[in-house]
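The values are calculated or read from the model by the stated rules, or taken from the named source; none is laboratory data. It should be emphasised that the depicted structure is a prediction, and the values quoted were computed from it without experimental measurement. FYI the Cβ positions are ideal-geometry reconstructions off the backbone, even for glycines, and counts take in every protein chain you see. Only protein heavy atoms, including side chains, enter the accessible area calculation; ligands, DNA and RNA are left aside. Shrake-Rupley method; radii C 1.70, N 1.55, O 1.52, S 1.80 Å.
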Amino acid sequence: MEKRKLQKVTVDGVEHIYPFGTPYREIAADFQTKHAHDILLVNREGKLCELHKTLDRDCTLTMITAEEKPGMQTYERSAVFLLLKAFRDVVGGENVERVSVEYSISHALFIRAKGNFTLDQALLTRVEDRMRELAAQALPIEKKSVNTDDAVEMFRKAQMCDKARLLSYRINSHVNIYTLDGFFDYFYGYMVPDTGYLKCFGLELFEDGFVLRLPDQKDPDRLGAFRPSQKVFRELHDATQRSEALQISNVAEMNDVISKGNATQMILAQEAMMEKKIGDIAEEIASRKGVRFVMIAGPSSSGKTTFSHRLSTQLVACGMRPHAIATDNYFKNRSETPRDQNGQYDFESLGAMDIEQFNTDMTRLLNGETVEIPQFNFKKGVREYNGDYLTLGEQDVLVIEGIHCLNDQFSHSLPKESKYKIYISCLTTLNVDDHNRIPTTDARLLRRIERDARTRGYSAQATIRMWPSVRKGEENNIFPYQDSADMIFNSALIYETALLKPYVEPLLFGVPRDCEEYVEAKRLLKFLNYFLPLPADDVPRTSLMREFIGGGCYKA
């Protein structure tokens, strides 16, 4: 018998020997006791590998659990596959017209289902029971490479027309199809090796659909708390209906529009819908006679600056006189700025703001006094006064943008009726297809990568490296207050990923293979590959997207 070739595998700095062809699952099993949660993938020197793959070279491996972002994405994707299989088993595949994974809300996925069945909690309980039966059997989730033309025909016959149309735009000769106990589907990303890895999930009726509850990445063995923001959900729901009215609810439908030369109308329609929304907000503010402070907050790369400018224009059209104030000018002097647990200045905490000075100045303005507005000198780290005086007249209103604007502790002395609070975020509803959603955080990250490169000279690697810390600040200082807003403004534009593609792709290709950020860069590149590129020629200078790609008419 021929002796099997041996390979060197380094894990946690220690070299081990395994035979050529050993499945990564077997290698992962040798290190499972060192991890609190199931190993779901391995990272082989910057390349994510599913556990059914086999060892074919000397390499360094890092184990990935659901505590890491790629692991949780894999768990979520696999749980969706399990749900789809179980749903068809319970109601019968011939009775399912459509099951669509819409968006993420509070550690869960909102899903809508149509067909010859009654969607109620009793049905969901049967589907969840079937999911647990399939999970207990540890059925293999198998991947096979299929000729792209054959895959298109497979999905067309299976009445999954969204996938057939999506794959018709793929230039690769083959695509990967996953199968589970006779049911097949196409997914953007990786899967666990079998259903036995899927232990933590739940189904609940919610609004006009249901939710698939999932674990919290911080504690993958327990379901995350389900406390959805009703206001954010309603905006996502309404945005989905607007997209469906335009007949652009997934990437394939948008690619159809671009390839047929109809992109200009799509862009102008989206921009008109956004402008109408901003005008409606301005009219509501003008109708509330006591409002003197428009407070705007939202996560990074939501387009707050452009939104503030466009809202100010609409306020002028309503007969008001808006004045912009940046809360950054009320930072405490650097010597008084608190530090985080790592000893770094914590500029995002409420403690970094001179709350009392802000409230004193705003109260005086409200009382008709003249106030000298400070400017923060970021180079010197001190607040300065340079003769910028302001007095509020009868039609004057302050447009205030900042991370803490929704937190009433920041504006504690101002009467509630004097404030109109707006939460702005890029709430993406366009999805790859019915079973592959686009996270809203991906849309914001792509925006930020391009803006950072254009305005700050940052590499995509640097932006990706900073992103987790940016997200942590949002979770602490913005998201808890979003439901206190008077208005939710969705800054997502359906065409934006296609627009950003030619800008962001070269930046992502510049991320070195040997750095931690490469895995995320490669994932984003694969994601962008689904989109046809869209030129910026017809994007108006007033567009919110100009804040990121440049060429806008507003000052930053």
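Observations
- Extension reserve of the residue 31-residue 57 stretch, reckoned as 0.36 nm per residue once the Cα distance is removed: 7.5 nm
- Student exercise, the chain dipole from Lys, Arg, Asp, Glu Cβ charges, in Debye to nearest 20: 820
- Extending 7 Å from Cα along the Cβ direction at residue 356 and again at residue 221 yields two label points whose distance is 4.8 nm.
- Farthest towards the positive end of the charge dipole of the chain, among the residues 443, 458, 272, is the Cα of 458, using unit charges on the Cβ of Lys, Arg, Asp and Glu.
- Positive minus negative residues near residue 253 (Lys, Arg vs Asp, Glu; Cβ under 13 Å): -2
- q = 0.06, 0.07, 0.10, 0.11 Å⁻¹: log10 I(q)/I(0) that the Debye formula gives for the chain, counting C-alpha atoms only: -0.34, -0.47, -0.92, -1.10
- With each label modelled as a point 7 angstrom along the Cα→C-beta vector, the residue 241-residue 385 pair spans 5.2 nm.
- Computed over the alpha-carbon pairs of segment 240-351, the distance histogram in 5 Å steps reads 2, 9, 14, 14, 13, 13, 11, 10, 9, 5, 2, 0 percent, short to long.
- The separation of segment 454-523 from segment 388-443, counted between C-alpha centres, amounts to 19 Å.
- When you work out D = kT/(6 pi eta Rh) for segment 413-556 at 10 °C and 1.306 mPa s, using the Kirkwood radius from C-alpha pairs as Rh and the Stokes-Einstein form, the result is 95 µm²/s.
- Working from Cα pairs under 8 Å separated by at least six residues, relative contact order for segment 206-324 is 14 percent.
- Taking every full run of DSSP H in the chain, the ones that stretch at least 27 Å from end to end by Cα along their long axis and average -0.5 or higher on the Kyte-Doolittle scale are 69-91, 263-287.
- Across segment 1-144 the C-alpha pair distances fall into 5 Å bins from zero in the proportions 2, 8, 15, 17, 15, 12, 10, 8, 6, 4, 2, 1, 0 percent.
- Under the Debye formula (equal points on every Cα, no solvent term), log10 I(q)/I(0) of segment 319-436 at q = 0.10 Å⁻¹: -0.39
- Element breakdown for segment 400-483 at a 1.4 angstrom probe: carbon and sulfur atoms account for 47% of the accessible area.
- Averaged per residue, the chain has 44 square angstrom of accessible surface, using a 1.4 angstrom probe with ligands and nucleic acids left out.
- Carbon/sulfur fraction of accessible area - segment 200-279, other protein chains in place, 1.4 Å, %: 48
- Burial order of peptide ranges 413-420, 399-406 (average beta-carbon count within 10 Å, highest first): 399-406, 413-420
- Between the beta carbons of residue 377 and residue 471, assuming R0 = 41 Å, the FRET efficiency works out to 0.90 to the nearest 0.05.
- Within segment 516-549, trypsin sites (Lys or Arg not before Pro) in DSSP loop having at most 13 other beta-carbon neighbours inside 10 Å: 541
- Area accessible to solvent at residue 30, 1.4 Å probe radius, in Å²: 90
- Value of relative contact order over the chain, rounded to a whole percent, pairs C-alpha under 8 Å and six or more apart: 14
- 11 Å beta-carbon shell around residue 396, net charge (K/R +1, D/E -1): +1
- Dipole check for segment 478-556: with +1 at the C-beta of Lys and Arg, -1 at the C-beta of Asp and Glu, and the Cα centre as origin, the magnitude is about 220 Debye.
- The simple spin-label model puts a point 7 Å past each Cα toward its Cβ; for residue 276 and residue 133 those points are separated by 4.8 nm.
- FRET efficiency for the pair residue 168 and residue 516, taken as 1/(1 + (r/R0)^6) with r the Cβ-Cβ distance and R0 = 45 Å, rounds to 0.80.
- Heavy-atom accessible surface of segment 20-65: percent carbon and sulfur, 1.4 Å: 48
- Whole-Å distance, taken between Cα centres, linking segment 248-306 and segment 48-100: 34
- Residues residue 483 and residue 321, FRET efficiency given R0 of 30 Å [Cβ-Cβ distance, rounded to 0.05]: 0.50
- Cross-link table 34/218; 277/555; 5/144; 5/34, entries beyond 29 Å C-alpha to C-alpha: none
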